[in-house]
Amino acid sequence: MQANVNQPVGFEGDEDFASMLEASLGGDAFPEEEKLVKGTIIQLTKDYAVVDIGYKSEGQIALDEFKNAKGEVSIKPGDTVEVVVESRENDMGMVVLSKEKADKRRVWDEITAAAKKDEIIKGIITGRVKGGLQVDIGVKAFLPGSQVDIRPVRNLDQYLSKEFEFKIIKFNPKRGNIVLSRRALLEKQREEQKKVTLQNLKEGAVMKGQVKNLTDYGAFIDLGGIDGLLHITDMSWGRIGHPSEMFNVGDEVRVVVLKFDPSQERVSLGLKQIQEDPWHRADEKYPVGTRVKGKVVSLTDYGAFVEIEPGVEGLVHVSEMSWTKRVKHPSKLLEAGKEVEAVVLDIDPKAKRIALGMKQIEQNPWTLLEDKYPIGSVIKGQVRNVTDFGVFVGVEEGVDGLVHVSDISWTQRVKHPGEIYKKGDEVEACVLNIDVENERFSLGIKQLTPDPWETLSERTPVGSRTKGKVTKVTDFGAFVEIEPGIEGLVHVSEIKEERVENPRDVLNEGQEVNVKIIDINTQDRKIALSIKALLHEGEDDYREYLKKQAENSKARLGDVMGNKLKK
């Protein structure tokens, strides 16, 4: 074979030459790119650090790679550093090095080892990315939203800038992908805690826990690997609208186990049961007559419930709110959340009931009325209401007096007060009675004038003759009005000498007749009249007749008037 004239004698190729050159230099002629090597800082310039890596040329690294968080350069000549060769020689004949890549290479080596050994690593959550969070573990890693916690997390921002422990669940060094899980660690911890918790979990046990979640009906408490429900009704002896009024997620609480079902791992918890039921000594604390202050917590048609301490509520009935105002609904005087003062009227701790009164805080104005308006005094007022049974007259603010229909007139037959009075009319009335206990004020209008019946015997004595008008004819006789509003009865036997079968054949309503007074009963307001007696006027023996007839008339008149009143 002919030798290559261009090739040095004794060398078969470039590879052999390179090998000899490397041997003569005692190592690599040029460092391998991306190789991790150690070097010594020999000089610091304005922008670079010059590093001796044992090759024919020194290397250089930008000073920015050595600056700490404060922007200070953290190296000096003589320090040993680990670097990565980025390229062989630059335009200045120096090898380009990178400390940053060396740090990452070291981190990747540590992560690779941790992943192989299934070890726990620490990292700081640095930001949000699509589908989860970004974590700094020396290099960037991904934490899916589903792996943040055991339960779904709505607000991922609460984890930002915080350090946690993680487990590597996916690792691809070639692509530089790392997927982490915090949930896997929490689930493992939870299982370990659960074993310990189940050993101590029994009904009646008092345990510590952490509020894990809030709902409208209660709070879920993490007892350590197992959750229990603290129902809203077991949170406080008092009234609670929503659990958030008492708790926030993350709060530490001390609770008692009410029920525990090991097969279903269901736990019912109580908080108020740790404290004494406030009703146990309520009668000692709030005896009848005690003044209390409380907050209105509820309004109903019949009254207002007032909380005087957590768990102890009393009812102020609508009738106990004001001495004088007619309260149709509690909302006219009170509103929920308002503080009120009241007096304990009655208490039943067993039934958990307290009757309260607001009006008792002030003096009962009815007790002053007897002195202010003595019986027989005259008052003036406006008609405030007209009813079937009478009219209500305003005496003063909140106090009305009733004029019963029977006390409107001595003589007029009043079927309905509305025939005479209407709302707003000014009237005078006489005070008849004041019932403080039942808050009733009785008035009379007819009492302002003398009773005409009391002097009737003086005006028309028995035996006297008078004129009248027939107002009503019945089977038993006829009623004759002899004065306005004063009527007497002419019995059928007193109409004529002859027997009268039907008074309507003899008398008509509206007819004027002459009659004789044969009896007057002032107390019962009854008058016996006679027409036929006028035929015997002047006869001596007729007086005896009248005497006998009067006795008979009293009996008949009593029966007839009684029947009339019934009708």
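The values are calculated or read from the model by the stated rules, or taken from the named source; none is laboratory data. This one's a predicted model, so the numbers in the text were calculated from it and none came from an experiment. All Cβ positions, glycine included, derive from the backbone under ideal geometry; neighbour counts span all protein chains shown.
On the basis of being surrounded by fewer than 16 Cβ atoms within 10 Å (Cβ to Cβ) and not in a helix (DSSP H, G or I), does residue 199 make the cut?
Values: surrounded by fewer than 16 Cβ atoms within 10 Å (Cβ to Cβ): yes; not in a helix (DSSP H, G or I): no.
When the stated conditions are applied, residue 199 does not pass them.
Within the stretch 272-295, which residues are under 30 Å from residue 219 (Cβ atoms) and part of a loop (DSSP other than H, G, I, E, B)?
If the condition is that a residue be under 30 Å from residue 219 (Cβ atoms) and part of a loop (DSSP other than H, G, I, E, B), then 275, 276, 277, 278, 279, 280, 281 are the ones that fit.
Look through the stretch 392-412, keep the residues that are free of Cβ contacts under 8 Å to residues at least 60 places away in the same chain and farther than 17 Å from residue 372 by Cβ, and return whichever of them is surrounded by the most Cβ atoms within 10 Å (Cβ to Cβ). Step through it out loud before you land on a result.
Of the residues in the stretch 392-412, the ones free of Cβ contacts under 8 Å to residues at least 60 places away in the same chain are 392-396, 400-408.
Subsequent filtering for residues that are farther than 17 Å from residue 372 by Cβ retains 392, 402-408.
Values: 392: 20, 402: 20, 403: 25, 404: 16, 405: 17, 406: 11, 407: 20, 408: 20.
Applying the filter and picking the extreme gives 403.
(1) free of Cβ contacts under 8 Å to residues at least 24 places away in the same chain; (2) not in a loop (DSSP other than H, G, I, E, B): which one isn't true of residue 213, the others all being true?
(1)
For the stretch 351-363, check the following and say yes or no: at least one residue is assigned to a strand (DSSP E or B), free of Cβ contacts under 8 Å to residues at least 40 places away in the same chain and among the charged types (D, E, K, R).
Within the stretch 351-363, the first condition is being assigned to a strand (DSSP E or B), and the residues that meet it are 353-357.
Narrowing the set further to residues that are free of Cβ contacts under 8 Å to residues at least 40 places away in the same chain leaves 353.
Those still in the list that are among the charged types (D, E, K, R) too: 353.
Checked the stretch 351-363: at least one residue is assigned to a strand (DSSP E or B), free of Cβ contacts under 8 Å to residues at least 40 places away in the same chain and among the charged types (D, E, K, R).
Here is a yes/no grid of residues against (1) charged (D, E, K, R); (2) in contact (Cβ under 8 Å) with a residue 12 or more places away in the chain:
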| position | (1), (2) |
| --- | --- |
| 252 | yes, yes |
| 256 | no, yes |
| 263 | no, no |
| 268 | no, yes |
| 293 | yes, yes |
| 298 | no, yes |
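In the list 153, 135, which residue meets the criterion of being of a type in the set (A, V, I, L, M, F, W, C), modelled with pLDDT of 90 or more and closer than 23 Å to residue 186 by Cβ?
Just a single option satisfies the conditions, and that option is 135.
Residues being part of a strand (DSSP E or B) and not aliphatic (A, V, I, L, M): count how many of those fall in the stretch 440-466. Steps first, answer last, please.
Initial filter on the stretch 440-466 (part of a strand (DSSP E or B)): 440-444, 465-466.
Checking which are not aliphatic (A, V, I, L, M) leaves us with 440-442, 444, 465-466.
The total comes to 6.
I'm checking my understanding of the structure. Among residues of the stretch 320-346 that are surrounded by fewer than 17 Cβ atoms within 10 Å (Cβ to Cβ) and out of contact with any Lys or Arg (no Cβ under 9 Å at 6 or more places or on another chain), which one is modelled with the lowest pLDDT?
In this case the residue turns out to be 326.
Does residue 214 count as farther than 30 Å from residue 261 by Cα, surrounded by 16 or more Cβ atoms within 10 Å (Cβ to Cβ) and modelled with pLDDT of 90 or more?
Working: farther than 30 Å from residue 261 by Cα: no; surrounded by 16 or more Cβ atoms within 10 Å (Cβ to Cβ): yes; modelled with pLDDT of 90 or more: yes.
In short, no.
Could you check how many residues of the stretch 419-456 are at pLDDT below 90, surrounded by 14 or more Cβ atoms within 10 Å (Cβ to Cβ) and among the polar types (S, T, N, Q)?
1
Checking the conditions here, which among 95, 107, 139, 153 is closer than 30 Å to residue 56 by Cβ, among the hydrophobic types (A, V, I, L, M, F, W, C) and touching a Gly at 6+ places or on another chain (Cβ under 9 Å)?
Working: 107 fails: closer than 30 Å to residue 56 by Cβ; 139 fails: closer than 30 Å to residue 56 by Cβ; 153 fails: closer than 30 Å to residue 56 by Cβ.
That would be 95, the only listed residue that is closer than 30 Å to residue 56 by Cβ, among the hydrophobic types (A, V, I, L, M, F, W, C) and touching a Gly at 6+ places or on another chain (Cβ under 9 Å).
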